[in-house]
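Novice: One structure, pasted below without further comment.
Every read-out reported here was derived from the displayed coordinates using simple, explicitly stated rules and does not represent laboratory data. As the structure is a prediction and not an experimental result, all values here were calculated from the model. Glycine gets a Cβ as well: all are built from the backbone with ideal geometry, and neighbour counts include every protein chain shown.
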Amino acid sequence: MERKILFLHGFFASGACVPALALKEYFNGKAEVLTPDLPLHPREALDFIQQMYEQKQPDILVGNSNGSFLAQMVAARNGIPALLGNPYFEMTRFLTERIGVHEYKSPRANGNQQLVIDQGLIDEFAELQQHQWDDCRPANRERIWGIFGENDHLAHYEPLFLIHYKYAYHFPGGHTPTAEEVRTYYAPLAEKLLASDCDPVTFP
């Protein structure tokens, strides 16, 4: 049976973003990479991801930024491995500085490229943030990994991650990895998790 990876993109991205496409390319012929567009609202997004998990039964989750914020909760709840890229555990901080109308940075399947950040959306994220660690348990400490860009100027949550989980990795990039960084750093870690091999990794 073909292995499956569910990739969860960042807030302004889509399932057609650069990291998603690079992950698909890397695992072509080795695993199916699912890259859906996530709903804007966080509770709706969480329910959507949970439904996808139940229907598609992915072996691991891979996220970036807001996708990692969501992936942590779903992975912890269901006891599955996950790779959290530059997780943004305080999305309210990110959103408060960006109230207004914005465009998605990669194409969405439904053709809608516009989104609005308002106080209502921020409040939804605030409620979720308070409960994001509710399902965190010792059994997951070694199978939910983090990867952090050394030049990430947006999210700085490695210390918070390490309170809950054991393995944190680094790559010489920013908040959103390039295709090459996905191939060199994200994908090998995902491959290791996919093989149910949760021993720590050393990059060459």
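Novice: In whole percent, what relative contact order does region 1-91 give with Cα contacts below 8 Å and a gap of six or more residues?
Specialist: Numbers: 156 pairs, mean separation 29.9, N = 91.
Relative contact order here is 33 percent.
Novice: Can you tell me the alpha carbon radius of gyration of region 1-122 divided by the globular rule-of-thumb value 2.2 N^0.38 Å?
Specialist: On the way: Rg = 14.1 Å, N = 122, 2.2 N^0.38 = 13.7 Å.
For region 1-122, the normalised Cα radius of gyration is 1.03.
Novice: Follow-up. Take the alpha carbon atoms of the chain, find their radius of gyration, then divide it by 2.2 N^0.38 Å using N residues; give the quotient. Don't skip to the answer; put the middle values down first.
Specialist: Values: Rg = 15.6 Å, N = 204, 2.2 N^0.38 = 16.6 Å.
Taking N as the residue count of the chain, the ratio is 0.94.
Novice: What share of the DSSP beta bridges in region 13-155 is antiparallel, in percent to the nearest 5?
Specialist: Rounded to the nearest five, the antiparallel share is 35 percent.
Novice: Can I ask one more? For the chain, give the magnitude of the charge dipole about the Cα centre (Cβ charges: +1 Lys/Arg, -1 Asp/Glu; no others), in debye to the nearest 20.
Specialist: So the magnitude is around 360 debye.
Novice: How big is D for region 113-194, in µm² s⁻¹ as a whole number, if Stokes-Einstein is applied with the Kirkwood radius of its Cα pairs at 25 °C and 0.890 mPa s?
Specialist: Here the translational diffusion coefficient equals 164 µm²/s.
Novice: Report, by chain and number, residues whose modeled amide H sits under 5 Å from the one on L8, excluding near sequence neighbours (fewer than 5 apart, same chain).
Specialist: It is V62, G63, N64, by chain and number.
Novice: Still on this model: Rounded to whole Å and sorted largest first, what semi-axes of the equivalent ellipsoid does the C-alpha gyration tensor of region 74-164 yield via the square root of 5 times each eigenvalue? List each step's numbers first, then the result.
Specialist: Details: eigenvalues 139, 48, 45 Å².
So the three semi-axes of region 74-164 are 26, 16, 15 Å.
Novice: Taking trypsin sites (Lys or Arg not before Pro) that fall in a DSSP loop and have at most 13 other Cβ atoms within 10 Å as cut points, what is the longest piece of the chain between them? List each step's numbers first, then the result.
Specialist: Working: sites that count: K30, R98, R141.
For trypsin sites (Lys or Arg not before Pro) (loop position, at most 13 other Cβ atoms within 10 Å), the longest site-free span of the chain is 31-97.
Novice: Follow-up question, since we're still on this one. Report, by chain and number, residues whose modeled amide H sits under 5 Å from the one on G149, excluding near sequence neighbours (fewer than 5 apart, same chain).
Specialist: N86, F171
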